[in-house]
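Below is one structure, written out as structure tokens; the observations come after it.
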Amino acid sequence: MQSFYSMDTIIILDFGSQYTQLIARKIRELNVYCEIHPFNKIPALTPDVKGVVFSGSPYSCTAPDAPVPDMVGIKGKLPLLAVCYGAQYLARWGGGVVEPSATREYGRANLSYVDASSPLLRGVSVGSQVWMSHGDTIQHVPDNYRCICSTDNVRYAGYQIEGEPTYAIQFHPEVHHSTDGLTLLRNFVMDICHCNATWTPASFVETTVEQLRAQVGDDTVVLGLSGGVDSTVAAVLLNKAIGSRLHCIFVDNGLLRKNEFQNVLESYRDMGLNVKGVDAKSRFYKALSGLTDPEKKRKAIGKTFIDVFDAEAKQISDAKWLAQGTIYPDVIESSSVKGPSQTIKSHHNVGGLPDYMKLKLVEPLRSLFKDEVRRVGRQLGIKDSLIGRHPFPGPGLAIRILGEVTPEKVHVLQEVDDIFIQGLRDADLYDKVWQAGAILLPIQSVGVMGDERTYERVVALRAVESVDGMTADWCHLPYEFLAKMSNEIINRVRGVNRVCYDISSKPPATIEWE
Ligand code: XMP
């Protein structure tokens, strides 16, 4: 993969650590552009590359199959920061000794020694908390490696190599438990690598609009809008670049939230997008009829979407490009050390289009993390109500209606969901929750309303805190709020007589129930 931009860049070589993306996000928070590459696919080190970071790894550097980088163009030639595995690898490579640690080196520790003269540790003081996560430890370093910090248990918490800008630390500066981690990364990126802080939402918009004009020329582009942040930001960027030659298609699959289709369509039109709304509700309901298996439901929705989108796209004469809201984690995932991450489900890609469409792909957000997409969206003036929306799955309410989907069940769930989401907004809780929704369970329960015995539906409410959806914890919403929601739902939604609150975290549960 070639660099996306021509600006000061840090290259992070990935040895498979769970924290690699976090290093990149922290460096980008400093407004410095960086890219992640597998340790065995080092990109061309052009003059834009101002420094290199070695990530951690699940491997021990003493294992026979441990990842081995080619350091010829890097060590001693460019500033290098080796983290955790990287630090151990480099110590051993120079003739030092790395062995399994005698005591556990996981979790919080405090620096008991700091060499204040080291440029890497400027502003980091004795006592500073750091986050350790390794099974091996460095026992000895070669003579020209100078220890720059220690904890009570870890003598070589950090070292630098004399006479060259090479630094290493066994703890993780990118994890927020390392309280001076960002200071340390700033020292490396700004003072040691001399990077300019040019990676900003404004510079991204300017460069990307230019690149899009160059890439697409006078051609016509088609884009499927979903109401989500990524496709919206991609559309607004393209609209800025090529105006009405961007044709957006927004499909109503009948599985969206209450009034979502009309509201979002209106917002899109207000933003000046050339968008066509397509009512395909009945096609989706027909495709889902009789299906109860979650995967079959997802496949039916994915296929119907492609059919509908394809038919619409064909009506746009001379469309040459298909724009997609692919973001950086999707790009990294498909080229990382151990191949695609196991945590990504293939069924998430419901929007993928078949090869026969013969359109070239344009992906303006390919280099951005999710939080950066939001910042760019704000820079483009997109309303907070669109930018700050909770994630919503492609198959929509279909995977929150357990069992067979019918229009009547969709209607019931839309009403419940609307009360819950509006309730979160009214109570100022919406932005504190990462994702929320309601689930319609395939059971009925006995209740009593007035003098009558009822036998009606049960719904579950789910609200989670998360960073990226990979792990999540249930939100401890106030009891009073839950009580209010339960009352309103049972009183206002016909056919529901019981409300539960899901208190499972992920793992071992998932966010969605199907
Ligand atoms: P899970 O249920 O796997 O969900 O914990 C993690 C995140 O992914 C969303 N999700 C989906 N998104 N198509 C999508 O576009 C899907 O089939 C799908 N399944 C789950 C889920 O809403 C959460 O944000």
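The values are calculated or read from the model by the stated rules, or taken from the named source; none is laboratory data. Note that the coordinates shown come from a computational prediction; the quantities given were computed from them, not determined experimentally. Neighbour counts run over all protein chains shown; Cβ positions are idealised from the backbone, glycine included. What goes into the accessible areas is simple: the full protein's heavy atoms, side chains included, and nothing from ligands, DNA or RNA. Shrake-Rupley method; radii C 1.70, N 1.55, O 1.52, S 1.80 Å.
On a per residue basis, the chain carries 45 Å² of accessible surface, using protein heavy atoms and a 1.4 Å probe. Site pair Glu363 and Glu452 shows an inter-label distance of 5.4 nm when each label is modelled 7 Å from Cα along Cα→Cβ.
Mind running the shape call on region 118-259? Use the C-alpha gyration tensor, a ≥ b ≥ c as the square roots of the eigenvalues: rounded below 1.5 for a/c, prolate if a/b tops b/c, oblate otherwise.
The shape class here is prolate.
To the nearest 10, the accessible area of Trp131 is 50 Å² with a 1.4 Å probe.
Using just its DSSP H runs of length 4 or more, each adding -39500 (n - 2.57), the chain gives a mean residue ellipticity at 222 nm of -9000 deg cm²/dmol after division by all residues.
Hydrophobic long helices, here whole DSSP H runs in the chain with Kyte-Doolittle means of at least -1.0 and Cα atoms spread over 27 Å or more along the helix axis, are found at 294-314, 407-426. For the peptides 140-146, 389-395, the ranking by packing is 389-395, 140-146, with the highest mean count of neighbouring Cβ atoms within 10 Å listed first.
What ranking of His194, His177 comes out by heavy-atom accessible area, probe 1.4 Å, highest first? List each step's numbers first, then the result.
Values: His194 130, His177 45 Å².
These residues rank, largest area first, as His194, His177.
How would region 9-192 be classified by its alpha-carbon gyration tensor: rounded, prolate or oblate, with rounded meaning a/c under 1.5 and the a/b versus b/c comparison settling the rest? Let's see the in-between values first.
Details: a/c = 1.37, a/b = 1.14, b/c = 1.20.
Here region 9-192 falls in the rounded category.
Expressed to the nearest 5 percent, the antiparallel share of DSSP beta bridges inside region 406-501 is 75 percent.
Full extension of the segment from Arg492 to Thr220, taken as 0.36 nm per residue of separation minus the current Cα-Cα distance, would add 93.2 nm. Based on the reciprocal of the average 1/r between different C-alpha atoms, the Kirkwood radius for region 121-188 equals 12.5 Å. Backbone amide hydrogens, once placed in the peptide plane, bring Cys34 within less than 5 Å of Ile10, excluding anything fewer than 5 places away on its chain. Inter-part distance, region 36-59 to region 231-257, computed on C-alpha centroids, equals 35 Å. The alpha carbons of the chain stretch over 83, 61, 40 Å along the principal axes, in descending order.
Partners of Lys297 within straight-line reach, counting aspartates and glutamates whose Cα lies under 18 Å from its Cα and excluding those fewer than 8 residues away in the same chain: Asp252, Asp307, Glu404, Glu408, Glu512, Glu514.
With a 1.4 Å probe and all protein chains left in place, how much of the accessible area of the chain comes from carbon and sulfur atoms, in whole percent?
Details: 11430 of 23140 Å².
Answer for the chain: carbon and sulfur cover 49 percent of the accessible area.
Of the beta bridges in the chain, as assigned by DSSP with both residues counted there, near 45 percent are antiparallel. Toward the positive end of the charge dipole of the chain, with +1 on the Cβ of Lys and Arg and -1 on the Cβ of Asp and Glu, the farthest Cα among Ile42, Trp513, Leu288 is that of Leu288.
Would you mind checking Lys258/Lys432; Lys360/Lys409; Lys258/Lys299 for any pair whose Cα atoms are more than 28 angstrom apart?
Working: Lys258/Lys432 22 Å; Lys360/Lys409 39 Å; Lys258/Lys299 23 Å.
Pairs exceeding the cut-off: Lys360/Lys409.
Normalised by the number of residues in the chain, what is the relative contact order in percent for Cα pairs under 8 Å and 6+ residues apart? Relative contact order comes out at 11 percent.
Average the reciprocal distances over every distinct pair of alpha-carbons in region 201-387, invert the result, and give the Kirkwood radius in Å.
On the way: mean 1/r = 0.0576 Å⁻¹.
Hydrodynamic radius (Kirkwood, Cα only) of region 201-387 equals 17.4 Å.
Full extension of the segment from Asn40 to Asn196, taken as 0.36 nm per residue of separation minus the current Cα-Cα distance, would add 53.4 nm.
With the simple spin-label model, which puts each label point 7 Å out from Cα in the Cβ direction, the Arg146 to Glu206 separation comes to 4.0 nm.
Grab region 9-192 and count how many Lys pairs have their alpha-carbon atoms under 17 Å apart, sequence gap of 8 or more, or different chains. Lysine pairs meeting the criterion: 4. Of the Cα atoms belonging to region 435-504, the radius of gyration and Dmax stand at 13.8, 47 Å.
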